[in-house]
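Below is one structure, written out as structure tokens; comments come after it.
The values are calculated or read from the model by the stated rules, or taken from the named source; none is laboratory data. What you see is a predicted model, and the numbers here were worked out from it, not measured in a lab. Here the Cβ positions follow ideal geometry from the backbone for every residue, glycine too, while neighbour counts run over all protein chains shown. Note: areas computed on protein heavy atoms with side chains; ligands, DNA, RNA excluded. Shrake-Rupley method; radii C 1.70, N 1.55, O 1.52, S 1.80 Å.
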Amino acid sequence: MRRRHSRHILLFHLFLFCLFLVTSSAIHAQSETPADTAAVDTAKVQIEPPTSVVVTDHKYDDADALELTWVPSVNDRVPGGKVVGYTVFRSINEREFEPLQELLPGSNFYLDESLYRDTLYSYYVMAYSRNDSARSVATEPVSPQREWLHVDRAWLFVIALLISISVFYFISAAKKGEDLFIRKIAGLEAVDEAIGRATEMGRPILYIPGILDMDDVQTLAAITILGHVSRTVADYDIHVRMPVSRSLVMTAARETIKASYQTAGRPDAYNDDMVQYVTDEQFGYVAAVDGIMVREKPATVFLLGAFFAESLILAETGNSINAIQIAGTARPAQLPFFIAACDFTLIGEELFAASAYLSGEPKQLGSLKGQDVGKFVAMVVIIIGVVAVTLGQAFDVAFMQEIFDALTYVFSTQ
Amino acid sequence: MITGIVGAVFVLQYFIPHWPFSKMNAWFSDWFSIVAAFAIWLGALNLMKISAQKVVGRKEDWGYALVIIFSFLLIVIPGFAGGQGYREAGTFFSWLYEWAYTPLSSTMFAILAFFVASASYRAFRARNLEASLLLIAAFFVMLGRVPVGDILTGFMPVGWRLSDLASWVMNYPQAAGQRAIMIGIALGLVSTSLRIILGIERSHLGGE
């Protein structure tokens with residue numbers, strides 16, 4: 001009986017031992033399976049190379065760029081593909097290939113810039129998976145070519161030429177004494193009135209030429225208007241204050257005001273400190289100008305030039321001190337702020353027209369008339385384009401669509 | 001003459017990609033940067049001169065001039081003393097930039113929000129027909145740009161809700177007006193450039 005009992009115990013222990021072995025091996029197997037499978041899977045991630053690698057000359061440059069295109073690897077054309085990226089390799093003058101640029105999966109284009117003429121360049125593209133790579137066939141060696149004319153911009157050249165010819169024509173017509181009608185610009189008509197107000201109140205004029213440098217045409221326009229304003233200021237013998245955010249603007253503005261005072265016959269009244277450099281920093285400049293406005297309370301504020309986020313801060317501060325404000329900019333995003341906060345606003349082209357308008361010189365007024373021809377052409381083309389695209393799409397008239405496509409091609413900039 | 005030649009070259013280089021025109025834009029830009037870099041000393045010295053004159057002469061608001069001189073020296077001296085790595089994290093210059101300049105600059109920018117409110121209040125007063133149209137358009141655009149606009153008009157079919165109306169106003173009347181302004185600006189630029197290149201306009205050079 002005891003022997004039988006001990007045999008049962010032995011069998012039970014044996015069963016437990018087997019159970020332990022089976023369970024532990026199962027657990028072991030379970031814990032190892034994903035990694036092992038992954039290892040097996042990864043080992044299998046072989047990829048196909050990119051194909052159809054073509055190198056072509058980059059059009060309309062000075063022989064300093066080549067364009068490389070290819071068809072991505074087959075493994076990159078399916079969702080969740082195995083390609084993790086590409087590397088472009090380049091050989092110069094048939095020497096050894098060297099890695100040039102790493103690109104993201106899905107890439108099929110690379111523009112190689114800063115090359116040299118009379119140098120041979122050859123390329124191949126290598127696709128990568130996590131643990132594999134496949135390279136394309138290398139291209140034949142090619143040299144970048146240079147062109148004399150940017151043919152895609154030919155129509156733009158023609159349009160610019162036509163507008164320039166019309167400007168020349170009206171300048172010469174004005175020189176001959178032809179009477180040219182120029183519409184009244186309220187903001188410019190108010191310049192003398194605004195200066196007169198400052199004179200009556202015995203307070204200074206604040207002139208702000210934007211926050212860009214002399215390489216921006218809006219700043220140039222602001223400085224040209226300054227010439228006319230400062231001439232009147234010199235006549236009226238009032239103080240003009242001009243804080244600027246660029247050193248070159250400071251120098252140019254000083255020269256302009258000095259010339260105006262000399263023209264007005266009052267060189268002794270000119271003072272270099274009329275124009276003061278503050279800082280290049282946008283909001284530092286705003287803080288300084290706001291401070292000047294609040295402390296000195298100018299009667300008239302001119303805000304002419306290139307403005308950004310500071311436009312409304314300046315204009316609202318000027319409004320809060322009850323200054324008469326004449327603003328103008330060619331940045332459409334800032335125009336609503338000036339219109340809301342200023343008494344007069346020169347909208348875009350009016351800023352550029354201001355100098356010619358204020359001078360009243362026939363030559364300058366002729367140039368304004370010339371740009372009206374450009375406006376007329378733009379109006380005609382817009383009307384034709386609207387009619388063509390409307391008829392083309394509403395009634396499926398192919399001819400009209402072709403007219404619209406032709407106009408789009410001619411007037412698009414490349 | 002110099003203005004005329006440089007202006008003509010800038011026009012030509014846009015249409016001629018061949019050397020030397022291809023490089024001229026970059027050359028002129030480099031020259032401008034070099035001149036501007038030297039000119040900044042003119043500006044800085046002018047700022048110091050005017051501020052110092054105010055402090056020494058105890059002129060009106062001379063206290064502000066003292067703050068300018070102190071702030072100028074406070075940022076310039078660590079900048080020069082820090083050598084090439086003056087902007088690296090941990091330097092005094094970087095600390096000043098991060099904890100003095102940036103908050104001050106952000107504060108000035110933040111004031112814009114209040115000015116937008118006051119300017120909008122004045123601009124949207126229905127004084128005449130144009131201002132009334134502006135008020136109505138602005139009301140619908142602002143309401144259409146926030147979720148409550150679509151909640152209020154949720155009963156309307158898609159395409160007729162306030163967000164759609166706001167998009168329509170922005171994409172058509174607003175875009176058309178803005179493009180008209182852009183065309184005018186482009187033509188004004190051509191005309192102004194020609195006046196400067198031809199020497200008809202010389203006010204910016206101190207001439208007539």
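Considering only protein heavy atoms, what per residue accessible area in square angstrom results for chain B with a 1.4 angstrom probe?
Ligands and nucleic acids excluded, the result is 65 Å² per residue.
If I take every Cα pair under 8 Å that is 6 or more residues apart in the stretch A:51-135, average their sequence separation and divide by the length, what percent do I get for the relative contact order?
Taking the mean separation of contacting Cα pairs over the length of the stretch A:51-135, I get 33 percent.
Hey, what D do you get for the stretch A:51-135 in µm²/s if you plug the Kirkwood alpha-carbon radius into Stokes-Einstein at 25 °C and 0.890 mPa s?
D, rounded to a whole number, is 182 µm²/s.
Just to be sure I understand: with springs between alpha-carbon atoms less than 10 Å apart, which residue in A:Ala306, A:Ala340, A:Ala356 has the highest mean-square fluctuation in the Gaussian network model of chain A?
The residue that fluctuates most here is A:Ala340.
How big is D, in µm² s⁻¹, for the stretch B:124-202 by Stokes-Einstein at 4 °C and 1.567 mPa s if Rh is the Kirkwood radius over C-alpha pairs?
It diffuses with D of about 85 µm²/s by this estimate.
Does the stretch A:174-261 come out rounded, prolate or oblate, given a ≥ b ≥ c as the square roots of the eigenvalues of its C-alpha gyration tensor, rounded meaning a/c under 1.5 and, failing that, prolate meaning a/b above b/c?
Taking the square roots of the gyration eigenvalues as a ≥ b ≥ c, the stretch A:174-261 is oblate.
Looking at chain A, do any whole DSSP H helices span at least 27 angstrom along their long axis by alpha carbon and average 0.0 or above on Kyte-Doolittle, and which?
Helices meeting the criterion: A:2-44, A:154-175, A:217-236, A:362-394.
Hey, what's the stretch A:51-135 come to in accessible area per residue, 1.4 Å probe, Å²?
Here the per-residue accessible area is 56 Å².
In the stretch A:160-189, which residues give up 20 Å² or more of accessible area once the other protein chains are added, compared with their chain alone (1.4 Å probe)?
A:Ile163, A:Ser164, A:Val167, A:Phe168, A:Ile171
For the stretch B:64-143 and the stretch A:85-99, write down the distance between their C-alpha centroids in whole Å.
Going from one Cα centre to the other spans 48 Å.
Do you know which residues of the stretch A:144-158 lose at least 50 square angstrom of accessible area in the protein assembly compared with their chain on its own, with a 1.4 angstrom probe?
Hits at the 50 Å² cut-off: A:Trp148, A:Arg153.
Straight-line reach from A:Lys176: which aspartates and glutamates fall under 13 Å, measuring Cα to Cα and dropping same-chain residues less than 8 apart?
A:Glu361
With a 1.4 Å probe, what is the total accessible area buried between chains B and A, in Å² rounded to the nearest 100?
Using a 1.4 Å probe, the pair buries roughly 5700 Å².
So which helices of chain B fit the span-like rule, where a helix is a whole DSSP H run, its Cα atoms reach 15 Å or more along the axis, and its mean Kyte-Doolittle is at least -0.5?
The answer, listed by residue number, is B:2-15, B:21-56, B:62-81, B:102-123, B:129-144, B:175-197.
Please work out the Cα center distance from the stretch A:345-414 to the stretch A:204-256, rounded to the nearest Å.
Comparing the Cα centres of the stretch A:345-414 and the stretch A:204-256, I get a distance of 32 Å.
Taking all pairs of different Cα atoms in the stretch A:302-414, averaging 1/r and flipping that mean, what Kirkwood radius in angstroms comes out?
Over the stretch A:302-414, the inverse of the mean reciprocal pair distance is 17.1 Å.
Hull surface divided by four, with the convex hull built on the Cα atoms of chain B: how many nm²?
Mean projected area for chain B: 21.9 nm², to one decimal.
State the percentage of accessible surface on the stretch A:180-360 attributable to carbon and sulfur atoms; use a 1.4 Å probe and exclude ligands, DNA and RNA.
Carbon with sulfur: 49 percent of the solvent-accessible area.
Write down the Kirkwood hydrodynamic radius of the protein assembly as shown, to one decimal in angstroms, obtained as one divided by the mean of 1/r over all alpha carbon pairs.
Computed over Cα pairs of the protein assembly as shown, the Kirkwood hydrodynamic radius comes out at 30.5 Å.
If eta is 0.890 mPa s and T is 25 °C, what Stokes-Einstein diffusion coefficient results for the stretch B:1-57, Kirkwood Rh from Cα pairs, in µm²/s?
176
Roughly how many percent of the accessible protein surface of the stretch B:1-57 is carbon and sulfur, given a 1.4 Å probe and a whole-percent answer?
Using a 1.4 Å probe with all protein chains present, the stretch B:1-57 comes out at 80 percent carbon and sulfur.
Go through the stretch B:48-98 and name the trypsin sites (Lys or Arg not before Pro) that are in a DSSP coil and have 11 or fewer other Cβ atoms within 10 Å of their Cβ.
For trypsin sites (Lys or Arg not before Pro) across the stretch B:48-98 that sit outside H, G, I, E and B with at most 11 neighbouring Cβ atoms in 10 Å, the list reads B:Arg58, B:Lys59, B:Arg87.
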